[in-house]
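Note sheet for the following structure.
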Amino acid sequence: MTEPREMIRVEKLNKSFGDLHVLYDIDLKVNESDVVVLIGASGSGKSTLLRCLNFLEFKDDGKIIIEGEQVEADTHDLNKVRQKVGMVFQHFNLFPHKTVLGNVIEAPIQVKGLSKKEAIKEGKRLLDKVGLGDKYDVYPSRLSGGQKQRVAIARALAMQPDIMLFDEPTSALDPELVGEVLETMKELGEEGMTMVVVTHEMGFAREVGDWVVYMNEGRIVEEGKPDQIFDQPKEERTKAFLDSIL
Amino acid sequence: MGEFFSIFTGSFDVFMEGLWLTLRLSVVSLLIAIVIGLFFAMLKISRIKVLEIIADLYIWIVRGTPLIVQIFILFYGLAEIWLIPEFWAASIGLAFHSGAYIAEIIRGAIQSITKGQTEAARSLGMNRSLTMRRIVLPQAFRRAVPSLGNQFIIGIKDSSLASFIGLQELFGVSNTMGSNSFNYLPYFFTVAIYYLLIVLILTIAVNQLEKKLAVSD
Ligand SMILES: Nc1ncnc2c1ncn2[C@@H]1O[C@H](COP(=O)(O)OP(=O)(O)O)[C@@H](O)[C@H]1O
Ligand SMILES: [Mg+2]
């Protein structure tokens, strides 16, 4: 068997906001096509970790290695790095002044320099894929939360990233809309997208996740295959957390 | 009443010239003011202390001195170095003045656009200036339309001060005709009607624009 390709490696990552130390010596490895699920109570640093991975936040020290290259904010063109690492936010953050298709084609045209025609073709393909083939010209304000999040996923995919980060993509949705978004994410995972997902949807973590990481108060407490984490957690804290949410 | 009516119709042609000058002054100064305002709004959100102080200083000077003083300084003061035509002295003076208010309007509008918008754009690989140009400013401008419209209305009325440096815009016309006829009041009523009509039309136009921009809401 060949070694799997390493897409992300984090070594001894530390991060503080002022006096508040939020990430302690985080080590993390994500291989190509893996779906890594980050779980943990609110405030444990999951979002901060994810945001460090595409440099919306800057680490204090430690290493972040993306596709074999150690990335440093002061020596690398972060805009280039971010093109490889797509992100989906809890609150969608769609551009309200642009139509659904306009949201999806914006960055490919402006950043990648795609022609409008190419961008539209690819944008429509992606919107069809996430089940929004009938909404190209609609403004985001007319969409349900689930539809908005699927547009956000298509928008990120339009940059053809190698890695996708999801920060609680279903937490802002009405319960009946959660399924459609998780389904889209599951398909993406099955197609071989490398994904890091922060979620409280344990069913998704178990079914789609290849690796589950449990964080508490800025530290990784335990990680392992989903079955191990959910059925035989080694750490008391993991057990307590799982009991509290299931 | 009959006298007023005949003065109103009799002075129509001259007032039309004044109106044309008022509109030119207002539009030219507004356009310059938007550029100035945008520039100082950028300084204010730059998070670079020196630039912020420069912007604050500008806004403080404009807000702290009467517009008529600003126009006089520009016209009489600068005339010693560089003979600046009345039209441009007035336009630049008005723009310099409105620019400070517009800077604050634009800064407020930019800051009202949530951080999530910037983050989404940056996460797609858009750089700072692209994010500002394509994502933040278009939304900020939409949000600023009512306030900008309001500032434009103030600018139109403020342009009457240009008469003090000899420009025969609307107010200048009414003043001249009043003094020539030794009968000021009907001419001042007449000019008031012109201003009211411009402001009415502009108010309607801004409302229409707001409606049009609201398609995405
Ligand atoms: N921009 C920020 N400034 C200050 N503190 C922050 C900021 N972002 C997050 N924090 C703090 O860092 C800690 C971890 O937050 P976060 O990463 O959002 O946790 P999680 O996503 O697991 O809920 C929390 O205590 C939070 O209040
Ligand atoms: Mg979070």
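The values are calculated or read from the model by the stated rules, or taken from the named source; none is laboratory data. Note that the structure is predicted; figures quoted are calculated from it, not measured. Cβ sites come from the backbone with ideal geometry, for glycine too, and all protein chains shown count toward neighbours.
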Discussion item. Can you find, within the range B:167-217, the residue that is surrounded by the most Cβ atoms within 10 Å (Cβ to Cβ) among those that are within 14 Å of chain A (Cβ to nearest Cβ) and of a type in the set (Gly, Ala, Ser)?
Written reply: B:SER216
Worksheet item: Going by the structure shown, is B:ARG107 facing another protein chain (nearest Cβ under 7 Å), modelled with pLDDT of 95 or more and assigned to a helix (DSSP H, G or I)?
Response: no
Worksheet entry | Residues within the range A:155-171 that are farther than 17 Å from A:CYS52 by Cβ and more than 12 Å from chain B (Cβ to nearest Cβ), tallied | 4
Worksheet item: How many residues, within the range A:152-175, are part of a loop (DSSP other than H, G, I, E, B) and either more than 16 Å from ligand 2 (Cβ to nearest atom) or under 11 Å from the mean Cα position of the chain (by Cα) (or both)?
Response: 8
Worksheet item: Within the range A:84-97, can one find any residue that is more than 16 Å from ligand 1 (Cβ to nearest atom), touching a residue at least 24 places away in the same chain (Cβ under 8 Å) and touching a strand residue (DSSP E or B) at 6+ places or on another chain (Cβ under 6 Å)?
Response: yes
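Would you mind listing the helices (runs of 4 or more DSSP H) fully within the range B:1-66 where at least 3 residues are of a type outside the set (A, V, I, L, M, F, W, C) and more than 19 Å from B:SER91 (Cα to Cα)? Please lay out each step first, then the result.
Working: elements: B:2-10, B:12-44, B:49-64.
Of the helices (runs of 4 or more DSSP H) lying wholly inside the range B:1-66, those with at least 3 residues that are of a type outside the set (A, V, I, L, M, F, W, C) and more than 19 Å from B:SER91 (Cα to Cα) span B:2-10, B:49-64.
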Discussion item. Can you tell me how many residues within the range B:40-58 are surrounded by fewer than 16 Cβ atoms within 10 Å (Cβ to Cβ) and within 28 Å of B:TRP88 (Cβ to Cβ)?
Written reply: 4
Worksheet item: Can you tell me which residues in the range B:114-136 are modelled with pLDDT under 95 and buried (at least 17 other Cβ atoms within 10 Å of the Cβ)?
Response: none
Worksheet item: For the range A:1-69, which strands (runs of 3 or more DSSP E) that fit wholly inside it have 2 or more residues that are within 10 Å of ligand 1 (Cβ to nearest atom)?
Response: A:6-17, A:20-31, A:35-39
Discussion item. Of the conditions (1) surrounded by fewer than 20 Cβ atoms within 10 Å (Cβ to Cβ); (2) more than 9 Å from chain B (Cβ to nearest Cβ), A:LEU101 satisfies every one except a single condition; which number is it?
Written reply: (1)
Discussion item. Looking at the range A:176-197, can you tell me whether even one residue there is within 16 Å of ligand 2 (Cβ to nearest atom), within 30 Å of A:ASN79 (Cβ to Cβ), modelled with pLDDT of 95 or more and more than 13 Å from chain B (Cβ to nearest Cβ)?
Written reply: yes
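May I ask you to list the residues in the range A:198-223 that are in a loop (DSSP other than H, G, I, E, B), under 18 Å from A:ASP27 (Cα atoms) and under 16 Å from the mean Cα position of the chain (by Cα)?
Of everything in the range A:198-223, just one residue is in a loop (DSSP other than H, G, I, E, B), under 18 Å from A:ASP27 (Cα atoms) and under 16 Å from the mean Cα position of the chain (by Cα), namely A:ASP210.
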Worksheet item: What number of residues in the range A:29-42 are of a type outside the set (S, T, N, Q) and away from ligand 2 (no atom under 16 Å from the Cβ)?
Response: 5
